[in-house]
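See structure below.
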2 protein chains.
Amino acid sequence: MTVELSDRRPTPSGVYFVADHAVCGDGRFVEVVRQAVAAGVRTVQVRDKLGSAARQLELLSAVARAVGDRATVIMNDRVDVFLAAHAAHALVHGVHLGQHDVPAVLARRLVGAEAIVGVSAQTPQQFDEIERLPPGCVDYLGVGAVRETPTKPDHPAPLGIEGLGALVASTTLPCIAIGGIEADDLPALRRAGAAGVAVASAIGGADDAHGAARRLVTAWGP
Amino acid sequence: MTVELSDRRPTPSGVYFVADHAVCGDGRFVEVVRQAVAAGVRTVQVRDKLGSAARQLELLSAVARAVGDRATVIMNDRVDVFLAAHAAHALVHGVHLGQHDVPAVLARRLVGAEAIVGVSAQTPQQFDEIERLPPGCVDYLGVGAVRETPTKPDHPAPLGIEGLGALVASTTLPCIAIGGIEADDLPALRRAGAAGVAVASAIGGADDAHGAARRLVTAWGP
């Protein structure tokens, strides 16, 4: 399959909302996404590490319907769920892969040239490996954790903003900082070279998801 | 993507080995598969429900290399792992989907017309739903559990051979019986209309995997 050129969204930048089922829950998942997008978030990743493929496909399809063409929609981990949603004509734009998912070079062959492929990376060795992939294979990196984060408690020691900056400086790919980020961190992360910031709990765990998203979008700036 | 016609294997029949990582373990996984195929097993499914996609891809690729063209190789659950292995030129032939995986009608679009698509089913309602799918969408059904099984302890009440026969009689699709099956059951299952029998523990959990597989192949008959 190939994703149509016209469907392609720009590489993620600014505030990137990781809509995590474990944070948002079933009942408010789509509503939280809707509020985040209404507040100016332009990239939404659907993450449901504990859900079946069928549930992940339902969430992804529901998010795609809810945001229409107002945001880039990325599927976490599951290339097949992304492909299935696309085959069912949902407006979805790419996949985000961890270090233990289908390798990026194979995922790129499966999703076609026009889909977005993001990869998580947090060590100089992983950055080196990604730099050696064919050009165009990976579109952006998710880099973290910047700070301790409740959604990924098993992560190694956080990078801090300085550590993040060193990694960002070592690649030509746009880097989305992730991990325990709050609004106050955004100016320093932007100065450190991040192309954007990904948050899960800061929006998905907020009582007022719209307000929380708005503060992040404002703190990042135009 | 499409799977080449020349790569296609016949619909599974006879003894179908579900090589389950939780039963076989890492160290002997490929060796157990090799012994099963040497004993006459002609279908091998790679099942690793707890493994990352990267590990599942490694297992699938290793099994494909080990069996060459001597057996049909089916991936459990993960359409993306199947597609990735195929994109990496491994000789793999299809996917087996549970009721909570990517829906068969979408999976068929992703794997192409020539790959094998199997689906698990165990209730009359599920059989009805599958009968209503487009012709050619599903190639065979995995039907069970016939008996209590250690690898799926959360299953509903087992069908028994009579219950299996009633389901088999309700469909035109070939049915592979699964769930706690031992060599002594094979003649009755064949008389009940099963096209084949799938086993996990009976081969993967045996001290002598080759001998266990041989007994099953013999009990099934030519």
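The values are calculated or read from the model by the stated rules, or taken from the named source; none is laboratory data. Keep in mind it's a predicted model, so treat the numbers as computed, not measured. So basically every Cβ, Gly included, is an ideal-geometry build from the backbone, and we count neighbours across all protein chains shown.
Structural remarks
- Candidate set from the stretch B:164-185 (those that are in contact (Cβ under 8 Å) with a residue 40 or more places away in the chain and among the hydrophobic types (A, V, I, L, M, F, W, C)); member that is farthest from B:Val117 (Cα to Cα): B:Leu167
- Subset of the stretch A:101-154 (residues that are in contact (Cβ under 8 Å) with a residue 12 or more places away in the chain and hydroxyl-bearing (Ser, Thr, Tyr)): A:Ser120, A:Tyr140, A:Thr149, A:Thr151
- Restricting the stretch B:112-150 to residues that are of a type in the set (Ser, Thr, Tyr) and within 15 Å of B:Ile176 (Cβ to Cβ), the residue that is surrounded by the most Cβ atoms within 10 Å (Cβ to Cβ) is B:Tyr140.
- Boolean, A:Arg109 is more than 13 Å from the chain's Cα centre (by Cα), within 24 Å of A:Gly14 (Cβ to Cβ), surrounded by 15 or more Cβ atoms within 10 Å (Cβ to Cβ) and of a type in the set (Lys, Arg): no
- Scanning the stretch A:189-221 for residues that are buried (at least 20 other Cβ atoms within 10 Å of the Cβ), small (Gly, Ala, Ser) and in a helix (DSSP H, G or I) yields A:Ala202, A:Gly204, A:Ala209, A:Ala212, A:Ala213.
- Qualifying positions in the stretch A:89-111 - more than 11 Å from chain B (Cβ to nearest Cβ) and in a strand (DSSP E or B): A:Gly94, A:His96
- Among the residues making up the stretch B:34-73, a single one is at positive phi and surrounded by fewer than 17 Cβ atoms within 10 Å (Cβ to Cβ): B:Gly68.
- So A:Arg47, is it touching a helix residue (DSSP H, G or I) at 6+ places or on another chain (Cβ under 9 Å) and more than 20 Å from A:Gly142 (Cα to Cα): no
- The residue that is nearest to A:Gly118 (Cα to Cα), counting only those in the stretch A:36-68 that are of a type in the set (Ser, Thr, Tyr) and within 12 Å of chain B (Cβ to nearest Cβ), is A:Ser61.
- Residue list for the stretch A:69-88, filter: at pLDDT 95 or above and either within 16 Å of the chain's Cα centre (by Cα) or more than 10 Å from chain B (Cβ to nearest Cβ) (or both): A:Arg70, A:Ala71, A:Thr72, A:Val73, A:Ile74, A:Met75, A:Asn76, A:Asp77, A:Arg78, A:Val79, A:Val81, A:Phe82
- Selected residue (criterion: farthest from A:Ala213 (Cα to Cα)) from residues of the stretch A:24-79 that are assigned to a helix (DSSP H, G or I) and touching a Leu at 6+ places or on another chain (Cβ under 7 Å): A:Val79
- Counted as qualifying within the stretch A:112-188 are no strands (runs of 3 or more DSSP E), as none has 3 or more residues that are of a type in the set (D, E, K, R), modelled with pLDDT under 95 and within 30 Å of A:Ala90 (Cα to Cα).
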